[in-house]
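This report concerns only the one structure given below.
Just so it is clear, none of the values below were taken in a lab; they were calculated from the coordinates. Every value quoted in this text rests on a predicted model; they were computed, and no experiment measured them. In this analysis, Cβ positions are derived from the backbone assuming ideal geometry, glycine residues included, and neighbour counts consider all displayed protein chains.
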Amino acid sequence: MAVDPAIIGTALPPTELTVDAGRLRFFAKAIGEINPVFTDAAVAAAAGHATLPVPPTFLFAIELEQSDPFAWLAEIGVDLRRVLHGEQRFTYHSLAHAGDVLTVRPTIGDVYTKKNGALEFIVKQAAVTRADGAAVADLTSVLVVQNPEVRP
């Protein structure tokens, strides 16, 4: 089933997360981050941080806090078995730290096809802000969906 371009501009449910220092340490370990500024509060303080800073790619994990973070794909008729992660980009405005309350507000930014419709691309853009509304980052992710109805 083809992805309907009419979904461009659709706002998806926001996700709010209070950043926990323990989760930051766990995340840093999981991604193989070896810089102790992300895991040791004393090292972070010596580097000028009030608390542990958020590792760069952590912001994409916030949306995974939803009970079904991929429900929006099912709602637009995408079979999750045909989805690949294509790309992710970050534009940072400020550094987030443990204790910050962050909100991610995603929107469908674009839908396009390649290979005569055999591959469909969904571009999701998300703004990450603090509780006071200050911008933290803009995230872009591209999902690739194989359309079984079209042969390349």
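Let me spell out the model: positive unit charges on the Cβ of Lys and Arg, negative unit charges on the Cβ of Asp and Glu, origin at the Cα centre of segment 77-152. What dipole size does that give, in debye rounded to 20?
Value, rounded to 20: 260 debye.
Between residue 79 and residue 35, take the C-beta separation as r, use R0 = 35 Å, and let me know the FRET efficiency to the nearest 0.05.
Efficiency, from the Cβ-Cβ distance: 0.35.
Work out how much length residue 23 to residue 90 would gain on full extension: take 0.36 nm times their residue separation and subtract the Cα-Cα distance, in nm to one decimal.
Contour length minus the Cα-Cα distance gives 22.1 nm.
Hey, what D do you get for segment 25-101 in µm²/s if you plug the Kirkwood alpha-carbon radius into Stokes-Einstein at 4 °C and 1.567 mPa s?
88
With θ set to phi - 60° and the Karplus curve 6.51 cos²θ - 1.76 cosθ + 1.60, what are the ³J(HN,Hα) couplings of segment 122-127 in order, to the nearest whole Hz, using x for Gly and Pro?
10, 9, 10, 10, 9, 9
Give me P(r) over the chain, computed from all C-alpha to C-alpha distances, binned every 10 Å, as integer percentages.
Spelled out bin by bin, the chain gives 11, 36, 29, 17, 7, 1 percent.
Dipole size in debye (nearest 20) for the chain around its Cα centre, Lys and Arg Cβ +1, Asp and Glu Cβ -1?
400
Which of the peptides 129-137, 115-123, 51-59 is most tightly packed, and how do the rest follow, going by the mean number of other Cβ atoms within 10 Å of each residue?
Per-residue mean Cβ counts within 10 Å order the peptides as 51-59, 115-123, 129-137.
As I understand it, the dipole of segment 10-146 uses +1 on the Cβ of Lys and Arg and -1 on the Cβ of Asp and Glu, about the Cα centre. Which of 94, 69, 112 lies farthest toward its positive end?
112
Can you sort 70, 38 so the residue with the fewest Cβ neighbours within 10 Å comes first?
By the 10 Å Cβ count, ascending: 70, 38.
Along Cα→Cβ, 7 Å out, is where each label goes; now give me the distance between the ones at residue 10 and residue 114 in nm to one decimal.
2.3
Evaluate the distance, in nm, between pseudo-label points positioned 7 Å from the Cα of residue 134 and of residue 42 along their respective Cα→Cβ axes.
Simple spin-label model gives 2.8 nm for this pair.
How far is helix 21-30 tilted off the main Cα axis of the chain, in degrees rounded to 10, range 0 to 90?
60
Taking the dipole about the Cα centre of the chain, with the C-beta of Lys and Arg at +1 and of Asp and Glu at -1, give me whichever of 53, 35, 7 is farthest to the positive side.
Farthest towards the positive pole: 35.
Measure out, as a whole number of angstrom, how far apart the alpha-carbon centroids of segment 124-140 and segment 36-114 sit.
Distance between centres, Cα-based: 10 Å.
Given the rule -39500 (n - 2.57) for each run of at least 4 DSSP H residues, summed and divided by the residues of the chain, what is its mean residue ellipticity at 222 nm, to the nearest 500 deg cm²/dmol?
Using -39500 (n - 2.57) per qualifying helix, the result is -4000 deg cm²/dmol.
Based on the alpha carbons, how large is the Rg to Rh ratio for segment 68-145 when Rh follows Kirkwood?
1.06
Count neighbours as other Cβ atoms within 10 Å of each site's Cβ, and list the GluC sites (Glu not before Pro) in segment 38-81 that are DSSP loop with at most 13 such neighbours.
Within segment 38-81, no GluC sites (Glu not before Pro) qualify (loop, at most 13 other Cβ atoms within 10 Å).
Which order do 141, 67, 94 fall in if you start with the one that has the fewest other Cβ atoms within 10 Å?
67, 94, 141
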